[in-house]
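Here the structure is laid out as structure tokens; the discussion comes afterwards.
The values are calculated or read from the model by the stated rules, or taken from the named source; none is laboratory data. This structure is a prediction, so every number in the text was calculated from the model and none was measured. Using ideal geometry, Cβ is built from the backbone for each residue, glycine included, and neighbour counts are taken over all protein chains shown.
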Amino acid sequence: MTLVDIHCHMLPGIDDGSKDWPTSIKLAKEAVADGVTHAVVTPHTLNGKYLNHKKDIISLTRQYQEMLDEANIPLTVFAGQEVRLSGDLIDAIEKDDILFCDEEGTYMLLEFPSEDVPTYAKDTIFKLQGYGITPVIVHPERNNRILKEPEVLQTLIEQGCLVQITASSYTGLFGSKVEDLSRKLIEAGQGCTFASDAHDLPRRQYQLSEAYKKMAKEFSPELAESWKENSRKIINGENVQMDWRPLKKKKKFWLF
Ligand SMILES: [Fe+2]
């Protein structure tokens, strides 16, 4: 059975993910043990700390695939990027220095700074759409602004963005607030797939299958299957839509 991970940091030595090749091999083994068959490897870029160029990522990904094949690890990897919303993003697109989840350049993983959603997000997303790109907003449930004002995400979904929730957010690794928001977003259809966002960190194991199991139990096995299918569609550049609705508002109690 196919299980696709569209977001992980398994390439060695180029961001805060794997530190070296043995770690990359270890992470691949963990992914396979969790049931993953295909992974888009997505180093950070344009985030002020890491600038990883398309050609370097492609070459490292090829090397990685060769190593996986030699070690008989049944994982197919594709070159991608986790792209930070940045003033340099459109220039990088123009220079053909951006990688996508799919070959055709339809789906791009878009990350916000962890504290905020910049005011120019809307405008940049509009520009990206002009290039035929659909941004997939990564882990909004971990963004401090969205945690406080979840309706900020809704305006970006209205604009046409998709949303990826991190598996371990929903399984509770980052605490109950992040877990609760993950659940609320799922409930409102404001997400379309899980990804591992795997790094080589203690306590940060592959939890993709655990998240899908939890979703099947808390919501339905059909929803879990459709989210798995969405990851497959994303890497194939096929149409993915989110059947979403506004988040339930907290009840207000007025004093007279
Ligand atoms: Fe990431």
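Structural remarks
- Members of the stretch 216-232 found to be of a type in the set (A, V, I, L, M, F, W, C), surrounded by 17 or more Cβ atoms within 10 Å (Cβ to Cβ) and either out of contact with any strand residue (DSSP E or B) (no Cβ under 8 Å at 6 or more places or on another chain) or touching a residue at least 60 places away in the same chain (Cβ under 8 Å) (or both), listed by number: Ala224
For every residue, the table says whether it meets (1) in contact (Cβ under 8 Å) with a residue 40 or more places away in the chain; (2) more than 20 Å from Ala121 (Cβ to Cβ); (3) hydroxyl-bearing (Ser, Thr, Tyr).
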| site | (1), (2), (3) |
| --- | --- |
| Gly160 | no, no, no |
| Gly191 | yes, no, no |
| Ser196 | yes, yes, yes |
| His199 | yes, yes, no |
| Glu210 | yes, yes, no |
| Ile234 | yes, yes, no |
| Met242 | yes, no, no |
| Lys249 | no, yes, no |
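- Contacts under 6 angstrom Cβ, first residue in the stretch 1-25 being under 18 Å from Phe194 (Cα atoms) and of a type in the set (D, E, K, R), partner in a loop (DSSP other than H, G, I, E, B) and within 15 Å of the ligand (Cβ to nearest atom), 6 or more apart: Asp5/Ser196
- Residue in the stretch 55-71 that is surrounded by 15 or more Cβ atoms within 10 Å (Cβ to Cβ), within 13 Å of the ligand (Cβ to nearest atom) and in contact (Cβ under 8 Å) with a residue 24 or more places away in the chain present: no
- Filter pass, Pro74 being of a type outside the set (A, V, I, L, M), within 13 Å of the ligand (Cβ to nearest atom) and either surrounded by fewer than 16 Cβ atoms within 10 Å (Cβ to Cβ) or closer than 17 Å to Val138 by Cα (or both): no
- Of the helices (runs of 4 or more DSSP H) that lie entirely inside the stretch 15-103, those containing 2 or more residues that are among the acidic types (Asp, Glu) and out of contact with any helix residue (DSSP H, G or I) (no Cβ under 7 Å at 6 or more places or on another chain) span 54-70, 89-94.
- Within the stretch 172-198, the set of residues being of a type in the set (A, V, I, L, M) and away from the ligand (no atom under 16 Å from the Cβ) comprises Leu181, Leu185, Ile186, Ala188.
- Residues within the stretch 177-204 that are at pLDDT below 95, assigned to a loop (DSSP other than H, G, I, E, B) and buried (at least 18 other Cβ atoms within 10 Å of the Cβ), tallied: 1
- Subset of the stretch 156-171 (residues that are surrounded by 13 or more Cβ atoms within 10 Å (Cβ to Cβ) and more than 16 Å from the ligand (Cβ to nearest atom)): Leu156, Ile157, Gln159, Gly160, Cys161, Thr171
- One residue from Gln81, Gln129 being surrounded by fewer than 20 Cβ atoms within 10 Å (Cβ to Cβ) and of a type outside the set (Phe, Trp, Tyr): Gln129
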